[in-house]
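The values are calculated or read from the model by the stated rules, or taken from the named source; none is laboratory data. All figures in this text were calculated on a predicted structure; none of them were measured in a lab. Quick reminder, even Gly has a Cβ in these numbers, built from the backbone with ideal geometry, and neighbours come from all protein chains shown. We work out accessible area using only protein heavy atoms, side chains counted, and drop any ligands, DNA or RNA first. Shrake-Rupley method; radii C 1.70, N 1.55, O 1.52, S 1.80 Å.
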Amino acid sequence: MPTVTTVGAAPAAAPTPTLRQRLSRWDVRISPYLYISPFFILFALVGLFPLLYTFWVSLHQWNLIGGQGKFVGIGNYSYVLEQPQFWVGLRNTFSIFLLSGVAQTLGALALAAVLDQNIRAKTFWRMGVLLPYVVAPVAVGVIFSKMFADQSGLFNALLDKVGIGAIGWHADVLPSHIAIATMVNFRWTGYVTLIFLAAMQAIPREVYEAALMDGAGRVRQFFSVTIPMLRPTIIFVVITATIGGLQIFDEPRVFDQSGLGGSDRQWMTVTMYIYELGWGPQKNFGRAAAVSWVLFLIIILVGLINFMITRRIAASDAPKSPPPEAVATGTGANPDAAAAHRSTNGAATGDAPGPRHPEVTL
Amino acid sequence: MRTRITTTAALVTAFGLGLAGCSSSGQEGDGSGKVTLTLATFNEFGYEDLIKEYMAAHPNVTIEHKKAATSNEARDNMNTRLAAGSGLSDIEAIEVDWLPELRQYPDRFVDLKSDSVKDRWLPWKVKQATTDDGKLIGYGTDIGPEAICYRADLFKAAGLPSDRDQVATFLGSTWEDYFAAGKKFQAKSKVPWMESAGSIFNAMVNQVPNAYEDNDGKVIATENPQVRQMYDTVLQASKDGLSAGLAQWSTDWTSSFQRNGFATMVCPAWMLGVIEGNGANVKGWDVANTFPGGGGNWGGSFLTVPAQSKHPNEAKALADWLTAPEQQVKAFQAKGTFPSQEAALKSPELLAATRPYFNDAPTGKILAERAKAVTVVPFKGPKYSGINDAMQQALGRVDVTKTDSAAASWDKFVTAVKALG
């Protein structure tokens, strides 16, 4: 910059950045946000907007075909909360959620612990547990509805043989919930197992060796090392299971031919109730939207409760504070990463590529 | 569930945007008189060859045929796009069950009244698609006139007449006769007489002009003595052991065709194919040319032209041609959809039709006579299907799952009807 070619009188104060410099500064400041913006734009479009619009709909009379009617305030909410069917739906939803969620998580933990051992034909077994997940939900529904049929089903034929007698899978409340939870578990246990397995493989093997030196048996190792080390993953699984479990729809809907949840609403869930209000005979979007919002709030509430419980349970057994690396390795909850790192055992680190799960921040 | 719900939502949105883009460009004529008409149907209407025939006769018309796999899929699509105000085909096929809700929005359909279709259909078919202000919003395609199907082999084993004319006499002409015949049958056979209380109730309620609502749409279902009486009658029959307690379309119902599930059933035209499919290895089904309580119809479809169509006149002309008797007879020959046109019901092709599975019964002739026996068009207002669902559930609680007494189940029905308000 020895020669200044400015001819005019413009003093060209030195600190004024050129356009190029300014662009480059903006680049540094703004670009990161632009790079992550597609997610947020998409979320705003297909997540946030429908959420808020649903709330707007819930304050009006709103017909599926006719569209917006007059403003009714909380009228739809008070209607819905007065309906016995809504409460029956809530009871069924929680019952099916508990039957499926608890069994699924515990079953997956046990399966993952077994698969984590040094067994023969590892890949075969590990892929095997995922097989049910590949089967289309409708196919699962068709197969299970044949097996759970009251008069001609496989299960009742077997129960009859062993002398217990047929169970009214489509008549009684609890049996119908068990049948539906079975369908859900059949489909999802393997998937959750792989998530747990991936996290288990990321636990450093030295920890187990140390436990072994201290005289801990397999069971003690599982409860005092594996479970505490899995804490972030368990929280992740429980939260997603809560969100999914409280929205359960497919399996109960295909459980009988009418899809209304049984002649006495034995297995009608809240989401089925939403569907019936909005797309059934009433075609009442206002009421359906009101139930949707109530369900949304319930899910948030239950999610928070679950978060606190799982944090406490998993923490009570844990060493005061797990070493930071251990927490980081726990985030490798990614089946692909698990497969890639399988042979490296304890050497697996948490920096595997793939989607990050929210437990990183928990 | 879980991730799939969000994925589906995203995909639906993406496709929705994509389709909206397509449909607007696909429907433009280019000014030379050439038009592209879209025709949306579901299941099997038997129109494939007819479309080719029409395009050959009208070189300026191109027809795009969209076929939904199930009528429910088509119904969801119809409701959504009707609400959105765009995206429907130029001709949309509908089922008679959708009409109560669609008739509330006559402005969204083209009035199809025309001299060329005068007196084409059975009068009750036209009445179904006529709105309160006299608009005709659909051209009738097929119907489901009801007869009684029965297992001739089981009748014979019970020492009863099994020939279809004798059985028609044996079954009688009223529902009381039908139940009485059932008791005679079951005195000599272990097989239940009928599938369920609900399916018989369904047939009975379709013979009543105002069962659930009066003509102004006011709900009378819970006070109407006629409804309560029918309710008690079918449940009494169930109590007497006539019912197999098999809810229609359930897994148990479907598999019961493979064993001796029940001896008789209400049989609209399209049910013949269902029986044949479910009971492929069973021999002995036959059709009796009778129906208790007068004629009855169950199901049937129409072609409509939504008001959002850009080519309403061309679409109307095509719908007119497709639902003309000659074409519907061809559709009947292709896929067995039973025609609703007066002239088609007299056509020699139809009257000569027999079905080998039903012991070579002259089903064309029997069903044509059954169609003419229909006299009542039940009023079906906007709440009809909701009330009917509640009624079927009430009957199911007593007859199928046996979890309630008739009186307790009725109280729940009353609550359910009130909740529709």
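For A:Leu197, the stated conditions do not hold, so it cannot be described as surrounded by fewer than 20 Cβ atoms within 10 Å (Cβ to Cβ) and touching a residue at least 60 places away in the same chain (Cβ under 8 Å).
Highlighted here are the helices (runs of 4 or more DSSP H) found entirely within region B:122-183 that include at least 1 residues which are buried (at least 20 other Cβ atoms within 10 Å of the Cβ) and assigned by TED's automatic domain parsing to the domain that holds B:Thr304: B:123-128.
Rundown of residues vs (1) among the basic types (Lys, Arg); (2) modelled with pLDDT under 95; (3) in contact with a helix residue (DSSP H, G or I) (Cβ under 7 Å, 6 or more places away or on another chain), yes/no style:
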| site | (1), (2), (3) |
| --- | --- |
| B:Asp133 | no, yes, yes |
| B:Glu146 | no, no, yes |
| B:Ala152 | no, no, no |
| B:Ser162 | no, yes, yes |
| B:Val167 | no, no, yes |
| B:Gly172 | no, yes, yes |
| B:Lys183 | yes, no, no |
| B:Ala197 | no, no, yes |
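Taking the criterion of being within 14 Å of chain A (Cβ to nearest Cβ), buried (at least 19 other Cβ atoms within 10 Å of the Cβ) and farther than 18 Å from B:Gln341 by Cβ, the residues of region B:88-120 that qualify are B:Leu88, B:Glu92, B:Trp98, B:Leu99, B:Pro100, B:Glu101, B:Leu102, B:Arg103, B:Phe109. Could you grab me the full set of residues in region A:141-159 that are open to solvent by less than 40 Å² (accessible area, probe 1.4 Å) and away from chain B (no Cβ under 12 Å)? Result: A:Leu159, single match.
The helices (runs of 4 or more DSSP H) located wholly in region A:189-266 that include 1 or more residues which are within 17 Å of the chain's Cα centre (by Cα) and either within 24 Å of A:Leu99 (Cβ to Cβ) or modelled with pLDDT under 90 (or both) occupy A:231-245, A:250-253. With respect to the stated conditions, B:Gly293 fails to be surrounded by fewer than 22 Cβ atoms within 10 Å (Cβ to Cβ), out of contact with any strand residue (DSSP E or B) (no Cβ under 9 Å at 6 or more places or on another chain) and without any contact (Cβ under 8 Å) to a residue 12 or more places away in the chain. Of all residues in region A:160-187, those satisfying the criterion of being open to solvent by less than 40 Å² (accessible area, probe 1.4 Å), within 10 Å of chain B (Cβ to nearest Cβ) and either in contact with a Leu (Cβ under 7 Å, 6 or more places away or on another chain) or farther than 16 Å from A:Val254 by Cβ (or both) are A:Gly168, A:Ala171. Identify, from the list B:Ala307, B:Ala352, the residue that is free of Cβ contacts under 8 Å to residues at least 60 places away in the same chain and open to solvent by 20 Å² or more (accessible area, probe 1.4 Å). Of B:Ala307, B:Ala352, the one residue that is free of Cβ contacts under 8 Å to residues at least 60 places away in the same chain and open to solvent by 20 Å² or more (accessible area, probe 1.4 Å) is B:Ala352.
A:Ser152 fulfils the conditions (1) in a helix (DSSP H, G or I); (2) modelled with pLDDT under 90 except for a single criterion, (1). Scanning region B:397-409 for residues that are closer than 30 Å to A:Ser78 by Cβ and open to solvent by less than 20 Å² (accessible area, probe 1.4 Å) turns up B:Arg397, B:Ser409. Report, by residue number, each residue of region B:203-230 that is open to solvent by less than 20 Å² (accessible area, probe 1.4 Å) and hydroxyl-bearing (Ser, Thr, Tyr). Correct list: B:Tyr212 only. Only residues that are within 14 Å of chain A (Cβ to nearest Cβ) and open to solvent by 60 Å² or more (accessible area, probe 1.4 Å) were counted across region B:56-76, and they come to 4.
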